1. At a threshold of 8 angstrom on Cα-Cα distance, excluding pairs fewer than six apart, so keeping six or more, what relative contact order does segment 1-77 reach in percent?
2. Just want the answer: with Cβ charges of +1 for Lys and Arg and -1 for Asp and Glu, which residue in Pro259, Val285, Phe300 is farthest toward the dipole's positive end in segment 254-301?
3. From the residues Pro140, Gln51, Trp154, which one has its Cα farthest along the dipole of segment 30-184 in the positive direction, the dipole being from +1 and -1 charges on Cβ of Lys/Arg and Asp/Glu about the Cα centre?
4. State the number of lysine pairs found in the chain whose Cα atoms come within less than 23 Å, restricting to pairs 8 or more positions apart or on distinct chains.
5. Using every alpha carbon pair in segment 150-227, what percent of pairs falls into each 10 Å bin from 0 up to the bin containing the largest distance?
6. How big is Rg to Rh over the chain, alpha-carbon atoms, Rh as the Kirkwood inverse-mean-distance radius?
7. Which parts of segment 272-302 would a label at Asp66 reach, counting a residue when its backbone N lies under 15 Å from a point 7 Å out along Cα-to-Cβ?
8. Give me the distance in nm between label points sitting 7 Å out from Cα along the Cα-to-Cβ direction at Ala276 and Ser177, one decimal.
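The values are calculated or read from the model by the stated rules, or taken from the named source; none is laboratory data. For clarity, every value in this text was computed on a predicted model and none was experimentally measured. Counting neighbours? That spans all protein chains shown, and the Cβs are built from the backbone with ideal geometry, glycine included. Just so you know, the surface numbers come from the protein's heavy atoms only, side chains and all, with ligands and any DNA or RNA stripped out. Shrake-Rupley method; radii C 1.70, N 1.55, O 1.52, S 1.80 Å.
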Amino acid sequence: MIRTRFAPSPTGYLHLGGARTALFAWAFARHQQGAFILRIEDTDRERSTPQAVQAILDAMAWLGLDYDEGPFYQSERMARYRAVIDDMLARGLAYRDYMTPDELAALRDAQMARGEKPRYDGRWRPERAAGRAPPTGVAPVIRFRNPDAGSVVWDDAVKGRIEFANAELDDLVIARSDGTPTYNFCVVVDDADMQITHVIRGDDHVNNTPRQINIFRALGLVPPQYAHVPTVLGEDGAKLSKRHGAVSVMEYEASGYLPAAMVNFLARIGWAHGDAEIFSRDELVAWFDLAGISPAPSRFNADKLAWVNQEHMKRMAPEALGRSLIPYLVRAGLDPAAGPDAGAVAVLLRDRVSTLVAMADAAHYFYRTPAVPRDGLRELLTPAVRAGVTDLEQRLGAVAWTREALGALLKAVAAEHKVKAGEIMMPVRWLVSGTGHTPAIDAVLALLPRETVRARIVAGLASV
Ligand code: GLU
């Protein structure tokens, strides 16, 4: 069975790149009917915070990235790492290195002076240290005995064949002098213990992979398959950062994007299925394959996200869209119970806005009596138009309360008062909504209660 994992370091919010990596690992597991595991890589105690863990859990829950196992915390697995290190020491796969910081600095200086890349010279490798007494007072680090010859090759599911010469790889420190295991080592122990078959992660980890593969092999284990996903770039082609605007996934929740749209949009950053642009979570799961991931970095595009969100809003059933809108009405200070069904309002507005925040903003007059600006309205209300609107208000008392009947009445009143239909509709729009921009006014009126519409017209006319 396929087993993938998402292994975030909880040092901040879940950013778009991290969410995209999580999504790919999740979608791959779901497509393959495998398991998706969440592992919190919190060995860096100074930078890891419970708030950051919670932010990751919240963002994954919002996106609907459910996991089958975990969350596992590296901080709770220290005994296990310690045991593997002891075992590696006993088997000669790792050794204690007593080089002091001064010696390390001297080695670096000498190598740099010769124009070489600074690297550990293997002076405490068991074969070279044999018979040498460890210095007193030096707490050793523990290094993995990397192979000297040959190379590490893997067939990356995204990037193709990658090869590193072993001669380029230092003997990796797997435990610091205070005994704490290092990041690359913990990842190997975890991926092995959790029986991960596919590691899908950001390509900033490509340089770690040959070291991790060597440790797997030294332990007699078969390394997982690797898929290194290119970075998400900002619209200007630079690495995505705070200055590109919102980079935390949850900021998009706050801005009124649907989780399904966010999933669709994130999947399309660097993955494609034919020319499909708008798709559901289920379609993504049905289609997802590693072969569809582009090896080239892809850019974030805010306009595209807005478009994808609107397309999802347009495709949703009214009730579901209404349910999505309600929390945003509340956040906008509106009482959803004080107006029409949110689904009906959403259907009326969804062609005009691309986020739920904008939709809630555009919906205010359905839930609250608007302030009517008098200045513009005064100019619209010529004597003939005022007479027409006054007449209309009377006849609203008896008309059938449907969009069709209201539309017909607006036109009839305009004709009888010898003005254009728009000359009646525009002031009615202002009087009822407090704005000059609404969906078709007959549709707006039909959603509001008859007495509300009449009262707003009467009050507005009286104030102008
Ligand atoms: N904890 C690492 C990160 O957040 C991911 C490591 C991995 O996926 O192997 O970048």
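1. 40
2. So the residue furthest toward the plus end is Phe300.
3. The residue sitting most towards the positive pole is Pro140.
4. Taking the chain as the scope, the lysine pair count is 5.
5. 17, 54, 27, 2
6. My calculation puts Rg/Rh at 1.19.
7. 281-282, 285
8. Here the modelled spin labels are 5.5 nm apart.
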